[in-house]
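The values are calculated or read from the model by the stated rules, or taken from the named source; none is laboratory data. Note that the coordinates shown come from a computational prediction; the quantities given were computed from them, not determined experimentally. Cβ atoms come from the backbone with ideal geometry, glycine included; neighbour counts cover every protein chain shown.
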Amino acid sequence: MPRMATADLILTNARVLTMDPENPRAEAVALAGARILAVGAAAEVAALAGPATRIIDAGGRTLLPGFFEGHVHVGLGGADLTHLHIGHLHGAEAVGAAFRAFAGANPDMPLLMAQEAHYGILDRPATRHDLDAMIADRPIAMMSPDLHTVWANTAALRAAGLLHGAVMPHGHEVVMGTDGLATGELREFEAFGPLIAFAGEGRINLGIATGEEPAPAPSAAERAADKALLRKGMQHCAEHGVTSLVNMDGNRYTLELLAEMQAEGDLPLRVKVPFHFKPHMDLTALERASAMAADFQGDWLSSGLVKMFMDGVIDSRTACLLRDYPDQPGHRGEALFAPARFAEIAAEIDRRGLQIAVHAIGDGAVRVVIDGYQAARAANGPRDSRHRIEHIELIDPTDVPRLGPLGITASLQPPHVPGAMDFPQEPTLSRIGAARWGDAYLCRSLAEAGAPVAFSSDWPVADVSVLRGIAAALTRPPYAGGRDERLSLGEVLRAYTAQGAWAAHREDVTGTLREGLAADLVVLGGDIEATEPAAIPDLGVVLTICGGRIIHDPGVLA
């Protein structure tokens, strides 16, 4: 190795998995400033040390590129960390007790929000009356794990102006009762948006709720409060080894807040933020997406991505299916964009040189997206677009081989697979029906058919812990009538690092450990290759470095 610049930091005695096919394994990594100086044998890298070089002995632990969280909602996640969590509870008595304890500990909180309220948490569809029986004199609400449904008590509905219903865009609903009042169930983002705004978290939710910017312009105090939520969310990600993320609910305001944090020296992670295109928008709204792409294209902050929702989720039967829901004959859900309309939008986004990411969970929604991407390619010609489909929880067998030839990235979430991590198998598997289990939550089948696969958590929908996600990917159960959809450990790690960066057009910045790329890396608490899959979460993260800066250090390494 020729003599190079002196290293600022050397990590040695490590089991380095670089994700670089030309140099897949190493023993040490040297960092100089914000970049990787060298990756190689311990003795060679040691020669780059100078009098001021800090040397960290990894003690045979695994060292990887920093994890790339390709689908996360970091501001919502920051807020989520301040809420009540009830995913481990069942029954009205237990949930009510948790609410009352939380209320006592938070006397000034305007809305007591509980997260992770699975659809069967009360053994029946929850109503405002169920929540009134828990607490009636303060606004309380429960959010489903998928973030697509909220159940609120009467006080919360009244405070948000929803008790007597509200006109909603297509696909969003304030469910009404026979008494002419809201039942308490609020479906999709715009329906419960007023409730979130009442809680003081409306601005940070705008990107996913409406795709618009806050008006009037937030005050300095409001901006500071929103930055605090982003900071809390990003630091939580850093504790799990994440160094880059795609914040899938953004707008220009989100980018401006992050840019302020960067100018203040307070941006710990690399962030890509999309423009969120809603069904009611005109194509001229894409001027905003192009402007965001032009104004934010650095190594730390970038855009160039348009996010859309094509459907909802299976558990609330808002996912768009090709066949009837087995437990509700005659109902298939609806695509939020008509096929011809989506094809027109996709072609215009593609013409502008922007990337597209579409939430599509049901097989009907997935087909509309594939068809639209195919139409965009036909209209504009092939290019390295890397358009994405987010989730793909159900896909028709005839559509599986279509992704690869069209260059469509399968952006998948191992923690979402029912029974693999925190999500129960019911009611999801019953909603899909046993006849379709073999078409649900495919991973290996998509990869073997040529689709690029990237993994993420969708936090706060699921735990952001990448190690838990890795374990879920490696231990997920096969469903009757289906094949084993697991990938190997190496493939899973690549999907959380190099493939995630590639899927976000960031492979020239991060995702692999290679000389000249960003000094983004994570050290685990042991050797992941020698660890049983179920025990991988126990390894923990002992060091996270982003851009040469240590952003998480629990003090395990000397």
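Tabulated results
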item	result
The listed residue being within 20 Å of residue 423 (Cα to Cα) and at pLDDT below 95, out of 477, 533, 537	477
Out of 109, 113, 134, sole residue that is under 21 Å from the mean Cα position of the chain (by Cα) and in the same structural domain as residue 152 (by TED's automatic domain parsing)	113
All strands (runs of 3 or more DSSP E) inside segment 144-207 with 3 or more residues being surrounded by 21 or more Cβ atoms within 10 Å (Cβ to Cβ), at pLDDT 95 or above and not assigned by TED's automatic domain parsing to the domain that holds residue 458	149-152, 182-187
Cross-chain or 6+ apart pairs with Cβ under 6 Å, segment 78-100 first and over 13 Å from residue 117 (Cα atoms), then charged (D, E, K, R)	78/232; 79/201; 81/232
Flag if residue 125 is assigned to a loop (DSSP other than H, G, I, E, B), free of Cβ contacts under 8 Å to residues at least 24 places away in the same chain and surrounded by fewer than 24 Cβ atoms within 10 Å (Cβ to Cβ)	no
Residue list for segment 399-413, restricted to those being crowded, with 17+ Cβ neighbours inside 10 Å and of a type outside the set (A, V, I, L, M)	399, 402, 407, 409, 411, 413
Complete set of residues in segment 208-243 that are out of contact with any helix residue (DSSP H, G or I) (no Cβ under 7 Å at 6 or more places or on another chain), of a type outside the set (D, E, K, R) and touching a residue at least 12 places away in the same chain (Cβ under 8 Å)	211, 225, 228, 235, 238, 243
Selection from segment 349-366 of residues that are under 23 Å from residue 147 (Cα atoms) and in a helix (DSSP H, G or I)	363, 364, 365, 366
Check on residue 369, part of a helix (DSSP H, G or I) and not charged (D, E, K, R)	yes
Helices (runs of 4 or more DSSP H) wholly inside segment 1-107 that include at least 2 residues being under 29 Å from residue 539 (Cβ atoms), out of contact with any helix residue (DSSP H, G or I) (no Cβ under 6 Å at 6 or more places or on another chain) and of a type outside the set (Gly, Ala, Ser)	42-46, 74-80
Odd one out for residue 531 among (1) among the polar types (S, T, N, Q); (2) surrounded by fewer than 22 Cβ atoms within 10 Å (Cβ to Cβ); (3) within 22 Å of the chain's Cα centre (by Cα)	(3)
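For (1) modelled with pLDDT of 95 or more; (2) of a type in the set (Lys, Arg); (3) crowded, with 24+ Cβ neighbours inside 10 Å, each residue gets a yes or a no:
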{"position": "387", "(1), (2), (3)": "yes, no, yes"}
{"position": "394", "(1), (2), (3)": "yes, no, yes"}
{"position": "397", "(1), (2), (3)": "yes, no, no"}
{"position": "415", "(1), (2), (3)": "yes, no, yes"}
{"position": "422", "(1), (2), (3)": "no, no, no"}
{"position": "426", "(1), (2), (3)": "no, no, no"}
{"position": "430", "(1), (2), (3)": "yes, no, no"}
{"position": "445", "(1), (2), (3)": "yes, no, no"}
{"position": "457", "(1), (2), (3)": "yes, no, yes"}
